[in-house]
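Student: If you scroll down you'll find the structure; I have some questions about it.
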Amino acid sequence: MLSEKGQKNEQTPFRFEKNYLGIIKQPLFKYLLILLGLPVHMVTWLIYQLKYKPSSYGHLLQKEKKAVQQSPVYDQWIDRYEDQYKSKMHYFNKSIDEQEMRREARKLADIQAEEMAKARLSEENIKDAAYLPFFGERLRNPAFVKVSFIPGILMYLFLWGYSRPMLRYILERLVMTIFVIISVAIFVFTILYFSPSDPAANILGEAATMEQRQEFNHQYGLDQPYLVQLADAVKGIITFDLGFSYTGNENIAASIANKFPITLIIAVCSLLMAVVVAIPIGIISAAKRNSIWDYSFMFIALIGLSIPNFWQGLVFILNFSIKWHLLPATYSPNDWLSIIMPVMVLGTGLTASIARMTRSSILEVINEDYIVTAKAKGLKPRKILIQHALRNAMIPIITVIGLQFGGMLGGAAVTEKVFNISGLGSFIVDKQFVPDTPSILAGVVYIAITISLVNLVVDIIYALLNPRIRSQMKSS
Amino acid sequence: MTTQQEFALKQSQQYKNANFSVCLSFALTLLFLFNAYDFAQGTWNFVWGIVTAAYFVISILQGAIALLLKKDLLTYGAIQKRTRLLSAVQLLSLFAGNLFTAAFAFRMLKKKDSIEYTLAYYMFLTQFLVFAISLFNLFKPYVSNLFMPAMILLIFAMVIELFLVIILAKTDVEQGVKPLLKWLGIIVFLTGLTGNVFGLILGYSLVMKSRSNDASTIDKWNQFWMSMTNNFTAMLGFLFVFLMLAISIASYGTFVSSFATENDYGALLLEPSLAHPFGTDNFGRDVFSRIVFGARISLVVGLLTTLIPLVIGGFLGAISGYYQKSIDNIIMRCLDVLYAVPGILLAIAIIAAFGSSTFNLIIALSVGSIPTYARTMRANVLIVSNLEFVEAAKALGENEWKIIFKQIVPNAFAPMIVKASLTIGSAVIATSSLSFLGLGVEPHIPEWGNILKIGSMYLETNPHLAIFPGIAIILLVLSFNFLGDGLRDALDPKLDS
């Protein structure tokens, strides 16, 4: 027991080093690692600068290379490369250009000389001592790890997590998601910043005096330079403190918090409806391939893909509300009947694409060997279809759901406008007529964040479900 | 039923086509019947009643033909002459506007399926429809100055095409193209320039087959178009898209643009009639003319918002797929950022910043779909760049850019075409959605989303104002989707067997 523990302790620093060497190959993670262990790195960087910096490596390498170039081996190489060049030109029936030949031979020989010089140096145990490998060597030292453990705890957690395949995958995806979210905020802000329209003139009207405009610009920080405004905007998005909108003086974070739930509820309900309706349809179509059922379901699905949301909404209102008085035409929070039409309208496209995807992915697996085996074992067709085929066909279906969910949140603006729902989509559209830059920025970025998080969850589920990816992660 | 008979039935494309036409024809009959009866007053509309009756007769006839076909295939294993003659009667259904049965009748007239014959009769159908739609202008108070010459040209083109259909029905192009056909091919190619793209394809096919000795090129062409022409829904998709293209070009001569754009306060919100087939809107503008003129904008915006990201995304995808590692990482991470924002929202943000105009709309929608094209291209380039011929080109010391754009990209392009044809539909929907929100094309331009926006204000009193432009959008998007499915079946090697 004791010895096992001791062994583990001894292994830990080496594992840190191994993970470390893996991480510094990826640029994004390299910088993240430095950022996480910043206190430790600052100290070691100083030590490195003071003690180890006089790196004579480059100098030595040059010297060694010169030595190689003066040796007879080098001339042999040149001759060999020149011969190669001649026979190549002869083969292609091209004339020999002496100058080019010499240049090319020299270039190739130089490369080889450098490699040889490097090999000689490493034989003499002289290593390239850049900072990052230097730090890696420090990690091998248990005393260093112990001393730096508290200030560098974040970095060590990261290094530890990196060694578990599943955790590493989740970590990588998380880092990517954060990167994407911040970049989206910067990107959308930049687009809106470079808008040719002047918000002060738009909102105060043409009659406003110069002082009034300056006052307005000062109030909303529009007189600051680009980078300051950008930093403010990103900070505001992260801390949910976005200030006030240009018109109406409403708190943006509060109004988004008010409007987001209904948008999400409708989207989630549509998603549930789509899954419940579409997967059985897809299974039936695949099971009875080329039958009248298959043709009609797929034809209807294709029509479902082709109907614009707003037109479908209008036709529903015309029939269900105006002609037959079954459902209310506009949404009201207290009436659950009024949510039915928006959900159906928003879910139609998703239903159609899930049904088509289910059909095609089941058809792809239905001829696999394991299905034939299941048939040969005498399993019932229904069991084969649901337990064997659908389970394996599920992966592309989940991907489509994840992708389409984003499109649905984006498309919600149109549906919300048709049914007069005051959700986030119609908030953005209303604000863009002003145009009220901070509100648009916040609305678009929060929707993008939601979509990124949903995609993150989908990716993780995907990795958990898919044995192929799991084994790939373990072997890498 | 023996397996052999079953096989004959399953293999017969004509039988499938017949059944499909019966279904569509019946569906249309029911739709017209629904329209003919006024539920509120319990009365029958005379005009709709006649149309319904005509479609009912056509559907019954089509059903009889389908049954005969089945019997033929089961007893003789081949279609009999009697059935073909009966379906020739079905050609008359063209005058009732039933394309499905008419196209089927044309198909039955030739024993062996032929690409050129199929293209020819679809070309004729397109020209006929353009002519018929233009004829509605006769009910207007006046016609445009160019109306007569344009109509004469259309009739002339129709006669040539009918002549070509008859010739192609009697000859077998696979035996060799006669000089007469080659010259006809050139003429048809020229008429194709009026927007009837079937003509371009047919003319190219005839001229190529008469001149080219390269059997592999001809074989590839034949295989692709055989697969397309056999696919009834894909051909219907082609038909509608080319019809829209042809009508938007023909409308320069045959339609009066002031009916679509200028206000007429004497004719506000009229019900549909012969002079105004889809009624008039709140400014007295003729909705039918507006929809015809709107086809131009929807097509141009749809095509451009597909073409621009196709080129940019394809280029970026090819580069990042070929150069790997750092360049790949930089390009794909930047595109991930674009990918995280839904297309419509990104478009709204761009339009909020730069104002709503057609140009900004095209840019805004294009930017949003660059990442999907780049991903598709990258995935294909990754596969193709590991193949032997690329390695051979590298070994020969070929320039890297030449390797990418001459060797790899052409071989990785098929999925891009399929992707493009499937996304034109969503581009059309996105355009009209943004116009509907008031963010797209300028409100005075007759664009389908704009027409629908006006219609949505009169939903209770004049619902047809919202329904007709919506149907136009659906048909166009549906056609592009049919086309995309057909292209995928024709280009995807996985489904070859």
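The values are calculated or read from the model by the stated rules, or taken from the named source; none is laboratory data. The model shown is predicted, which means the values in this text are computed figures rather than measured ones. Cβ placement follows ideal geometry from the backbone for every residue including glycine, while neighbour counts extend to all protein chains displayed.
Student: Could you please find all residues in the stretch A:250-280 being without any contact (Cβ under 8 Å) to a residue 24 or more places away in the chain, within 29 Å of A:Pro438 (Cα to Cα) and not aliphatic (A, V, I, L, M)?
Tutor: Across the stretch A:250-280, the qualifying residues are A:Glu250, A:Asn251, A:Asn258, A:Pro261.
Student: So which residues in the stretch A:309-320 are facing another protein chain (nearest Cβ under 10 Å) and free of Cβ contacts under 8 Å to residues at least 40 places away in the same chain?
Tutor: Matches in the stretch A:309-320: A:Trp311, A:Gln312, A:Val315, A:Leu318, A:Asn319.
Student: What is the residue count in the stretch B:115-141 for residues that are surrounded by 19 or more Cβ atoms within 10 Å (Cβ to Cβ) and either in contact with a strand residue (DSSP E or B) (Cβ under 8 Å, 6 or more places away or on another chain) or part of a loop (DSSP other than H, G, I, E, B) (or both)?
Tutor: 0
Results for (1) closer than 17 Å to A:Pro27 by Cβ; (2) under 22 Å from the mean Cα position of the chain (by Cα), shown as yes or no for each residue.
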| site | (1), (2) |
| --- | --- |
| A:Glu137 | no, no |
| A:Asn141 | no, no |
| A:Val145 | no, no |
| A:Ile150 | no, no |
| A:Leu154 | no, no |
| A:Trp160 | no, no |
| A:Ile170 | no, yes |
| A:Met176 | yes, yes |
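Student: Which numbered condition in (1) within 30 Å of B:Ala352 (Cβ to Cβ); (2) touching a residue at least 40 places away in the same chain (Cβ under 8 Å); (3) buried (at least 16 other Cβ atoms within 10 Å of the Cβ) is the only one that B:Ala414 fails?
Tutor: (1)
Student: Search the stretch B:431-447 for residues being at the interface with chain A (Cβ under 9 Å from one of its Cβ atoms) and in a helix (DSSP H, G or I), and hand back the single one that is farthest from the chain's Cα centre (by Cα).
Tutor: B:Leu437
Student: State the number of residues belonging to the stretch A:379-438 that are charged (D, E, K, R) and within 12 Å of another protein chain (Cβ to nearest Cβ).
Tutor: Count: 5.
Student: Identify the residue in the stretch A:290-306 that is under 15 Å from B:Asp485 (Cβ atoms) and more than 12 Å from chain B (Cβ to nearest Cβ) and, among all such residues, is surrounded by the most Cβ atoms within 10 Å (Cβ to Cβ).
Tutor: Checking each candidate, the answer is A:Phe297.
Student: Here is a follow-up. Please determine whether any residue of the stretch A:458-472 is at the interface with chain B (Cβ under 10 Å from one of its Cβ atoms), under 25 Å from A:Leu346 (Cα atoms) and not hydrophobic (A, V, I, L, M, F, W, C).
Tutor: no
Student: Between a residue in the stretch A:370-394 that is under 13 Å from A:Ala286 (Cα atoms) and any residue that is at pLDDT 85 or above, which pairs come within a Cβ distance under 6 Å, given they are 6 or more apart or on different chains?
Tutor: Here the result reads A:Ile384/A:Ala374; A:Leu385/A:Ala287; A:Ala389/A:Ile362; A:Ala389/A:Val365; A:Ala389/A:Ile366; A:Ala393/A:Ser361; A:Ala393/A:Ile362; A:Ala393/A:Val365, each pair linking the stretch A:370-394 to a residue that is at pLDDT 85 or above.
Student: Filter the stretch A:442-452 for residues that are of a type in the set (A, V, I, L, M) and within 8 Å of chain B (Cβ to nearest Cβ) and give the result.
Tutor: Selection gives A:Val444, A:Ile447, A:Ala448, A:Ile451.
Student: Let me ask something else about it. Filter the stretch A:319-339 down to the residues that are aliphatic (A, V, I, L, M), assigned to a helix (DSSP H, G or I) and surrounded by fewer than 17 Cβ atoms within 10 Å (Cβ to Cβ) and list them by number.
Tutor: Passing the criteria: A:Ile322, A:Leu337.
Student: Suppose the filter is in contact (Cβ under 8 Å) with a residue 12 or more places away in the chain and either of a type in the set (A, V, I, L, M, F, W, C) or touching a Leu at 6+ places or on another chain (Cβ under 8 Å) (or both); does A:Leu204 pass it?
Tutor: yes
Student: Another question, if that's okay. Looking at the stretch B:318-377, which of its residues are outside any helix (DSSP H, G or I) and under 15 Å from B:Ser426 (Cα atoms)?
Tutor: Scanning the stretch B:318-377 gives B:Pro342, B:Ser369.
Student: Please work out if A:Leu379 is in a helix (DSSP H, G or I) and out of contact with any Leu (no Cβ under 8 Å at 6 or more places or on another chain).
Tutor: Here the answer is no, as A:Leu379 does not meet what is asked.
Student: On the given criteria, is A:Ser353 within 14 Å of another protein chain (Cβ to nearest Cβ), closer than 23 Å to A:Lys417 by Cβ, hydroxyl-bearing (Ser, Thr, Tyr) and crowded, with 17+ Cβ neighbours inside 10 Å?
Tutor: yes
Student: Listed residues B:Ala379, B:Ala347; which is buried (at least 22 other Cβ atoms within 10 Å of the Cβ) and under 31 Å from the mean Cα position of the chain (by Cα)?
Tutor: B:Ala347
Yes/no matrix, rows are residues, columns are (1) over 27 Å from the mean Cα position of the chain (by Cα); (2) free of Cβ contacts under 8 Å to residues at least 60 places away in the same chain:
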{"position": "B:Phe139", "(1), (2)": "yes, no"}
{"position": "B:Ala150", "(1), (2)": "no, no"}
{"position": "B:Leu168", "(1), (2)": "no, yes"}
{"position": "B:Thr171", "(1), (2)": "yes, yes"}
{"position": "B:Leu181", "(1), (2)": "no, yes"}
{"position": "B:Val188", "(1), (2)": "no, no"}
{"position": "B:Ser210", "(1), (2)": "yes, yes"}
{"position": "B:Ile218", "(1), (2)": "no, yes"}
{"position": "B:Trp225", "(1), (2)": "no, no"}
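Student: Within the stretch A:216-223, is even one residue over 31 Å from the mean Cα position of the chain (by Cα) and in contact (Cβ under 8 Å) with a residue 60 or more places away in the chain?
Tutor: yes
Student: Next question, about the same structure. Yes or no: A:Leu272 outside any loop (DSSP other than H, G, I, E, B), surrounded by fewer than 17 Cβ atoms within 10 Å (Cβ to Cβ), on the phi < 0 side of the Ramachandran plot and in contact with a Gly (Cβ under 9 Å, 6 or more places away or on another chain)?
Tutor: Taking the combined requirement at face value, the residue satisfies it.
Student: Which is among the hydrophobic types (A, V, I, L, M, F, W, C), at pLDDT 90 or above and out of contact with any Cys (no Cβ under 6 Å at 6 or more places or on another chain), of B:Leu274, B:Leu243?
Tutor: Exactly one of B:Leu274, B:Leu243 is among the hydrophobic types (A, V, I, L, M, F, W, C), at pLDDT 90 or above and out of contact with any Cys (no Cβ under 6 Å at 6 or more places or on another chain), namely B:Leu243.
Student: In the stretch B:323-377, which residues are more than 10 Å from chain A (Cβ to nearest Cβ), closer than 20 Å to B:Ile417 by Cβ and either of a type in the set (Ser, Thr, Tyr) or without any contact (Cβ under 8 Å) to a residue 12 or more places away in the chain (or both)?
Tutor: Once the filter is applied, which keeps residues that are more than 10 Å from chain A (Cβ to nearest Cβ), closer than 20 Å to B:Ile417 by Cβ and either of a type in the set (Ser, Thr, Tyr) or without any contact (Cβ under 8 Å) to a residue 12 or more places away in the chain (or both), the stretch B:323-377 yields B:Ser366, B:Ser369, B:Tyr373, B:Thr376.
Student: From the list A:Tyr48, A:Tyr85, which residue is of a type outside the set (Asp, Glu), surrounded by 15 or more Cβ atoms within 10 Å (Cβ to Cβ), at pLDDT below 80 and part of a helix (DSSP H, G or I)?
Tutor: Exactly one of A:Tyr48, A:Tyr85 is of a type outside the set (Asp, Glu), surrounded by 15 or more Cβ atoms within 10 Å (Cβ to Cβ), at pLDDT below 80 and part of a helix (DSSP H, G or I), namely A:Tyr48.
Student: Quickly run through the stretch A:205-222 and pick out the residues that are part of a loop (DSSP other than H, G, I, E, B) and loosely packed, with under 13 Cβ neighbours inside 10 Å.
Tutor: A:Gly205, A:Glu206, A:Ala207, A:Thr209 - these are the residues of the stretch A:205-222 that are part of a loop (DSSP other than H, G, I, E, B) and loosely packed, with under 13 Cβ neighbours inside 10 Å.
Student: Could you list, ordered by first residue, the pairs with Cβ atoms under 8 Å in which the first is in the stretch B:423-446 and at negative phi and the second is among the acidic types (Asp, Glu), at least 6 apart or interchain?
Tutor: Within 8 Å, the pairs are B:Thr431/B:Glu447; B:Ser432/B:Glu447; B:Ser435/B:Glu447; B:Gly440/B:Glu447; B:Val441/B:Glu447.
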